[in-house]
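All of the numbers you see were taken from the coordinates with simple rules; none came from a lab. Computed from a predicted model, the values in this text were never measured in an experiment. We place every Cβ from the backbone using ideal geometry, glycine too, and count neighbours over all the protein chains shown.
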Amino acid sequence: MSTAKYTSPDARRVLAAWPSSRVVAVGAVVTTAIAVGWLSTSKPTVAAAFGAALLVTLCVVRPPVAILGFMVAALTSEWLFEASQAGIITFSSRVGSVVTWSIILFIAALPVWMSQRHQLASRVTAGVGIYLLGLAFSVGVDAVSGNGGNIVSGLEALAITTVPFSLAVCLQVTKRNTGLRLVILYIFVEGIYCAFQLSELRFNTGTTQLFIVGNQYRWWDSRALWGTFAASGNHSFANSLALCCAVTLPWAFYGSRGRMRTLLAVSSSLAILLVLMSLARAPVLSLIVIVVLTLIFRSKRSRVVPGMIVLIAAGIAIQSSQFGELAARAHLDTSSQQRLTIYQAVTSAPPSSFIFGQGFGSASKFDSGLTTVKAPGNQPSGPATENLFLRRLVEGGILGLLSILAFFGLLLREGTQRVSNHSGQVWRLALRCFTLALIVQSLTSDTLIFQQEGTTAWLLLGVIAAGLMQARDKPIRADHQ
């Protein structure tokens, strides 16, 4: 099979320089497939090991396989876990874990990076690297403190944080706009799933539980959509869809033309609709930030300000009417008071404990009896502190807080850098939208802590980083996107 169907010219030259490696890899895939088939009935454990080796080898030979597998995991990890707990599926949810696929994606990216020496945007690389170090520090504090109960979940978080690097590198051996297509696919899959979920919730159609997994213990309103976020709920779902708009809206307005622009516009509209139907307010605020930044990119302020006022007023009206309906049905909006109570509980530790922090996952020690988020795999990642900055301070101390501030600061610095080519300008607009929206969401949510929500954020940052790399390699006109 020719690699020309999915690889860029530079990638084809690299692969052509590796004939012996490719032959060995293909031989390994065939041999492993035969071994798996032979052992599947007599020795299933050994067969599973061979199957894992086959999968990893295939992903190394064909990086798009790793990208697609990770994309599926980013969409379904919580659903698979809850479905396996409910007995809807019988195979291990670890197969679809974002941790598993983050590691596979990293392994697949290594040979591509070593051969081509791709250079990621320096500030994006530094920002993610500093956040990674701060996270590693909190895991180390947990190990040194003698608790050690959260080391595994901390290592999993570290593995997921490598996704922007791995994905950006792997996307270099695919067609241009593959990153945009991934985001569009993400939105459409969630939209289709939510259409069935809505029919189950409001019209009680059918008897299947496939589309309301997580319904048995959810704390959000009975009419709010939560998509495939079966454990973390409607807030994480809405946050993720809003961040998707940070990528699709700028390109729908200023980048692509023709069929791609239509797909981007439709997917952006669908994402906005799903955010509103989640009945979560902070994601709507972050969505307004994205829309405003997109509108003022190339427009005169005199034309944009009236539209901004109308947009903000419409968002407030929609949200007010939704929560008015909830109040009428005796669903009181107590989330703001709950957050204040959580903040007080989390900060009740002695001030000296915030110097080095109390270790990854230590926020769970401050459970004030409020409803907590059930994490996939029953990992001790709760209760939600409902503020990422506060959580990094509690778990990583001053260094943890500085790492998240540096992360956001470096992303904003890269997003405001002036460049000459149009593609680079639009990708930096997307980076600005992504960063500011994530900051807004992080004030009322643990955005990068829970696996599926955090994975979506890292996936989108990886897509943006790949776009910045491609824009730097070759200036692209808008009509060529």
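Values for this structure:
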| quantity | calculated |
| --- | --- |
| Most to least packed among 452-461, 431-440, 241-250 [average Cβ atoms within 10 Å] | 241-250, 452-461, 431-440 |
| Rotationally averaged projected area of region 228-299 (alpha carbon convex hull; nm²) | 4.7 nm² |
| Most to least packed among 169-176, 187-194 [average Cβ atoms within 10 Å] | 169-176, 187-194 |
